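Please read the structure below before turning to the comments.
The values are calculated or read from the model by the stated rules, or taken from the named source; none is laboratory data. Remember, it's a predicted structure, so these values are computed and weren't measured experimentally. Heads up, the Cβs are rebuilt from the backbone with ideal geometry, glycines too, and the neighbour counts pull from every protein chain shown. Side chains included, ligands, DNA and RNA excluded: accessible areas come from the protein's heavy atoms. Shrake-Rupley method; radii C 1.70, N 1.55, O 1.52, S 1.80 Å.
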Amino acid sequence: QRNSGYVREKEDWYCEPDWTVQLLFDNINFDDQAIYDPSCGRGNIPAVATEYGFDTLASDIIDRGFPGVIVSDFLTADFSTMDFPPRLSVVMNPPYKHTEDFVRRALEIADHRVAIIVPLSWLASSKRHELFCEFPPSDVLVLSRRPSMPPGRKIEELGDKAFKSGMVDFCWIVWSRPHDRETRVRWVL
């Protein structure tokens, strides 16, 4: 069991509440990009991106019911055969145990921005020092409210309580192309 009281979810499928995605789009300019979520789960990120007027692409290793999802393994997919739109950004809540691999893969295909939502502690790791030196983020948005990130399979069972009472601090980490300044850290509500 984890601190949250949940047994670790298979494939690390945890769902971010919509308001966290809205905070990202309210604070970072994606310049009318197409938004691709390679670990879309229930589709929260692409659904909010669509509400903000972005074209979206969504994939996941398992079809969890989001309309139009492409079932594929992001880490092994052959992107040379995929017809991505120009000016692509990748926005995701990646499986935690593969987060750095997802970031590195996303940086290979995105031509504008890559954004991930992760526990704030993910920033403070000697294991990721090389990643941050090689690819410095452009922005870190520290969420001033703690979101609840329930296991996807528990949301229906939890009902109204699913997205209440977060216990972990989270942030959005954003990489931008071109990267031409020091990383900017901001706190957002």
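Ranking LEU23, PRO119, LEU57 by how far each Cα lies toward the positive end of the dipole of the chain (charges on Cβ) leaves PRO119 at the top. Taking all protein chains as they are arranged and a probe of 1.4 Å, the heavy atoms of ASP18 leave approximately 70 Å² accessible to solvent. Rolling a 1.4 Å probe over the heavy atoms of the protein chains gives region 91-189 an accessible area of 53 Å² per residue.
Ranked by solvent-accessible area (1.4 Å probe, protein heavy atoms only, all chains present), the residues THR20, THR183, THR76 order from largest to smallest as THR76, THR183, THR20.
Counting only DSSP beta bridges with both residues in the chain, the antiparallel share comes to about 40 percent.
Size descriptor for the chain, Kirkwood hydrodynamic radius: 16.8 Å (Cα pairs only, one decimal). Placing +1 on the Cβ of every Lys and Arg and -1 on the Cβ of every Asp and Glu, with nothing else charged, gives region 97-182 a dipole about its Cα centre of roughly 320 debye.
In this structure ASP83 has an accessible area near 150 Å², from a 1.4 Å probe over the protein heavy atoms.
Ligands, DNA and RNA excluded, the heavy atoms of ARG177 present near 90 Å² of accessible surface to a 1.4 Å solvent probe. Cross-link partners for LYS127 among the aspartates and glutamates, with Cα-Cα distance under 15 Å and sequence neighbours closer than 8 places in the same chain left out: GLU100, ASP101. In terms of accessible area, using a 1.4 Å probe and ignoring ligands and nucleic acids, PHE79, PHE74 rank largest first as PHE79, PHE74. Quick check for you: which residues of region 47-73 have the amide N under 15 Å from the point 7 Å beyond the Cα of ASP26 toward its beta carbon? Taking a point 7 Å out along Cα→Cβ of ASP26, the residues of region 47-73 whose backbone N falls under 15 Å are 48-49, 52.
How would you rank 107-118, 164-175, highest first, on the average number of other Cβ atoms within 10 Å across their residues?
Top to bottom by mean Cβ count within 10 Å: 107-118, 164-175.
The order of CYS133, CYS40 by accessible area, most exposed first and with a 1.4 Å probe, is CYS133, CYS40. Per atom type, the chain shows carbon and sulfur on 49% of its accessible surface, probed at 1.4 Å. Computed from the C-beta positions of LYS164 and GLU130 and an R0 of 25 Å, the FRET efficiency is 0.10 to the nearest 0.05. Rounded to the nearest 20 debye, the dipole magnitude of the chain is 780 debye, with +1 charges on Lys and Arg beta carbons, -1 on Asp and Glu beta carbons, and the Cα centre as origin.
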